[in-house]
1. Considering LEU150, LEU130, which residue is open to solvent by less than 20 Å² (accessible area, probe 1.4 Å), more than 9 Å from ligand 2 (Cβ to nearest atom) and in contact (Cβ under 8 Å) with a residue 12 or more places away in the chain?
2. All but one of (1) within 14 Å of ligand 2 (Cβ to nearest atom); (2) touching a strand residue (DSSP E or B) at 6+ places or on another chain (Cβ under 8 Å); (3) among the charged types (D, E, K, R) hold for ASP42; which doesn't?
3. Give the residue that is nearest to TRP188 (Cα to Cα), with candidates limited to residues of the stretch 13-37 that are in contact with a helix residue (DSSP H, G or I) (Cβ under 9 Å, 6 or more places away or on another chain) and open to solvent by 60 Å² or more (accessible area, probe 1.4 Å).
4. Of the residues that make up the stretch 115-122, is at least one in contact (Cβ under 8 Å) with a residue 24 or more places away in the chain, more than 9 Å from ligand 1 (Cβ to nearest atom), closer than 22 Å to HIS193 by Cβ and out of contact with any Leu (no Cβ under 7 Å at 6 or more places or on another chain)?
5. Which of the numbered conditions does ALA210 fail, given that it passes all the others? Conditions: (1) out of contact with any Cys (no Cβ under 7 Å at 6 or more places or on another chain); (2) free of Cβ contacts under 8 Å to residues at least 60 places away in the same chain; (3) open to solvent by less than 50 Å² (accessible area, probe 1.4 Å).
6. Going by the structure shown, is ASP94 surrounded by 15 or more Cβ atoms within 10 Å (Cβ to Cβ), of a type in the set (Asp, Glu) and over 24 Å from LEU16 (Cα atoms)?
7. Within the bounds of the stretch 50-71, is there any residue that is among the polar types (S, T, N, Q), open to solvent by 30 Å² or more (accessible area, probe 1.4 Å) and free of Cβ contacts under 8 Å to residues at least 12 places away in the same chain?
8. Look at the stretch 79-103 and say how many of its residues are aliphatic (A, V, I, L, M), under 17 Å from LEU66 (Cα atoms) and away from ligand 2 (no atom under 16 Å from the Cβ).
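The values are calculated or read from the model by the stated rules, or taken from the named source; none is laboratory data. What you are looking at is a predicted structure, and each value in this text was computed from that prediction instead of being measured. Cβ: placed from backbone, ideal geometry, glycine included. Neighbour counts: every protein chain shown. Accessible surface is based on the protein model in full, side chains and every heavy atom, while ligands, DNA and RNA are left aside. Shrake-Rupley method; radii C 1.70, N 1.55, O 1.52, S 1.80 Å.
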Amino acid sequence: MSVMHGNSVKTLRQDLLAQRKSFAACGDDVPLKTALLSHLQDFLQKNASRLGSIALYWPIQDEVDLRGSLLTWVEEDKARRLCLPFARPDKHLDFYAWQEGDTLIPSQHGVPEPDPNNPRRAQIAPDCILIPCVGWSESMSATRHYFWRLGYGGGYFDRTLAQLRQAKPDLLCVGIGFDWQKLNDAQWQSQTHDEPLDIMLTESGIHNSAR
Ligand SMILES: Nc1nc2c(c(=O)[nH]1)N(C=O)[C@@H](CNc1ccc(C(=O)N[C@@H](CCC(=O)O)C(=O)O)cc1)CN2
Ligand SMILES: Nc1ncnc2c1ncn2[C@@H]1O[C@H](COP(=O)(O)OP(=O)(O)OP(=O)(O)O)[C@@H](O)[C@H]1O
């Protein structure tokens with residue numbers, strides 16, 4: 001399916017990350033992040049009955065910081081759980097319960113991660129995974145459209161979602177990004193190993209892939 005070669009995807013990633021960095025440096029991303037967080041609130045409210053546990057991410061490189069909103073979501077109902085990814089050497093992600101103040105350990109990519117050996121923090125199979133996007137795209141079929149994610153290039157989320165969806169078909173995978181990160185077919189096309197997102201959440205709203 002892919003028409004892109006490794007080098008051009010690498011350049012595309014670098015361009016998108018540089019652009020995100022420059023928007024953040026001059027504060028242009030602040031209103032977008034505020035709007036996105038208000039749509040996240042809507043999403044959490046609309047899905048309150050089906051979500052017991054949510055996987056978030058520890059923001060790096062100007063990714064949208066969702067921690068405050070999700071800590072509030074947990075405070076509203078003590079049965080709710082948050083978890084963070086731990087990247088395994090085989091490039092799969094495991095998710096471990098996270099509470100504010102937990103000690104995290106920097107991964108080889110510099111991402112603070114939970115300690116997988118902490119007996120007080122269980123491994124969790126989340127109901128919903130919030131996934132930061134470097135870029136994203138939309139494609140149409142006769143019956144539905146799909147959202148696709150371009151990440152940092154490790155393939156971690158694709159491997160993980162492929163496996164988690166088998167055990168949990170109603171897992172809700174939500175991409176987090178900005179409208180300007182949307183890529184057209186000439187820029188990037190999803191590959192056969194890419195796992196689609198169920199929802200794309202941006203500053204313009206909650207975009208559902210129609211089923
Ligand atoms: N905040 C956050 N946490 C996350 C991810 C993410 O995208 N964002 N991940 C998503 O999978 C997993 C970790 N995977 C990651 C893979 C690469 C890089 C990274 O920064 N890579 C370098 C380039 C490395 C290279 O090209 O060799 C970079 O972009 O500078 C970060 C996270 C799990 N945790
Ligand atoms: N399910 C899978 N099984 C085996 N290899 C995979 C799988 N998914 C992705 N890969 C491999 O991982 C590499 C990176 O994939 P891709 O460029 O899609 O990463 P990404 O989604 O941008 O990264 P990340 O999720 O880590 O931010 C590719 O070379 C791909 O072949």
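1. LEU130
2. So the condition that ASP42 fails would be (1).
3. GLN19
4. So far as the stretch 115-122 goes, no, none of its residues is in contact (Cβ under 8 Å) with a residue 24 or more places away in the chain, more than 9 Å from ligand 1 (Cβ to nearest atom), closer than 22 Å to HIS193 by Cβ and out of contact with any Leu (no Cβ under 7 Å at 6 or more places or on another chain).
5. For ALA210, the exception is condition (2).
6. Yes, satisfied.
7. So far as the stretch 50-71 goes, no, none of its residues is among the polar types (S, T, N, Q), open to solvent by 30 Å² or more (accessible area, probe 1.4 Å) and free of Cβ contacts under 8 Å to residues at least 12 places away in the same chain.
8. Within the stretch 79-103, residues that are aliphatic (A, V, I, L, M), under 17 Å from LEU66 (Cα atoms) and away from ligand 2 (no atom under 16 Å from the Cβ) number 2.
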